[in-house]
1. Based on what the data block shows, is residue 69 at pLDDT 90 or above and surrounded by 11 or more Cβ atoms within 10 Å (Cβ to Cβ)?
2. Could you give every pair whose Cβ atoms fall below 7 Å, whose first residue belongs to the range 181-201 and is on the phi > 0 side of the Ramachandran plot and at pLDDT below 90, and whose second residue is in a loop (DSSP other than H, G, I, E, B) and surrounded by 13 or more Cβ atoms within 10 Å (Cβ to Cβ), counting only separations of at least 6 or pairs across chains?
3. Given the conditions (1) modelled with pLDDT of 90 or more; (2) surrounded by 14 or more Cβ atoms within 10 Å (Cβ to Cβ), report the number of the one that residue 168 does not fulfil.
4. For the list (1) at pLDDT 85 or above; (2) not in a strand (DSSP E or B), I need the number of the one condition that residue 80 fails.
5. Answer with yes or no whether residue 109 is assigned to a strand (DSSP E or B), at pLDDT 65 or above and closer than 30 Å to residue 152 by Cβ.
6. So residue 40 clears everything in (1) within 17 Å of the chain's Cα centre (by Cα); (2) at pLDDT 75 or above except one condition, right? Which one?
C-alpha cells in the first residue's frame, strides 16, 4: 500500500511537471514566432469526438519545408452517456445522465507533410502527432451554482496524446480550410464517474485565421 502511494505521488508530480513544461514551451514558441522568418500560422480547430465535442487553438511554425512544430491547446466538453428523455408531465425534454466533465489537453504538436512540393500546392495531406499533459475537471452536477460547481470541482493532470492525418485546402488568400481524422489518448489515473478512458476517434475542422 505504501509503495502504491509513493507511485501515485510520483505520477502526480510528473504530471504537474509536464503541465508546467507544456505551458512554458507554448509561451516560448509564441514569443519566438516573431524572431524568425519561417512560415507561421494561427489556427482554430473544431473537434467532434465520440465522447463529446470541443474547440482549440493551434500555433504552427515550419522548421522545414515538409515539417512543422507548434502548440495544440484544446477544450473538450464530455457528453458521453447523456441522452434526452421526454417528460409528458412538463411537456418537455430533459437530459438524463448529465455530467460536467471538461478536459483541457495542452499539447506539443508535429505535422509532417510527406508530399510537400510533389503535388498541387492547394492540396496538402499531412500526418499529425501531439503529446503533452491533459487537465481533467469534474464539476459536481448536483450543485446548481455555476461558480461553486467549478470552484469545488475535482481536478487531475495526466499525460495525453493524439495521432491522425489531415488535408489542407489552400485558397488564393492567406486563409486555409482543413479537415482530418485522429485518435485521442485520454486516460485518467483516478476514475471519473467510474470511467478512466475518455479517448477515441475524433473528426476535426481547421480554419487558418492568420498566416505569416
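1. Working: at pLDDT 90 or above: yes; surrounded by 11 or more Cβ atoms within 10 Å (Cβ to Cβ): yes.
Yes, satisfied.
2. Cβ pairs passing all conditions: 193/99.
3. With respect to (1) modelled with pLDDT of 90 or more; (2) surrounded by 14 or more Cβ atoms within 10 Å (Cβ to Cβ), residue 168 is out only on (1).
4. (1) is the only condition that residue 80 fails.
5. When the stated conditions are applied, residue 109 does not pass them.
6. All conditions are met except number (1).
The values are calculated or read from the model by the stated rules, or taken from the named source; none is laboratory data. What you see is a predicted model; the values in this text were computed from it and never measured. Cβ atoms come from the backbone with ideal geometry, glycine included; neighbour counts cover every protein chain shown.
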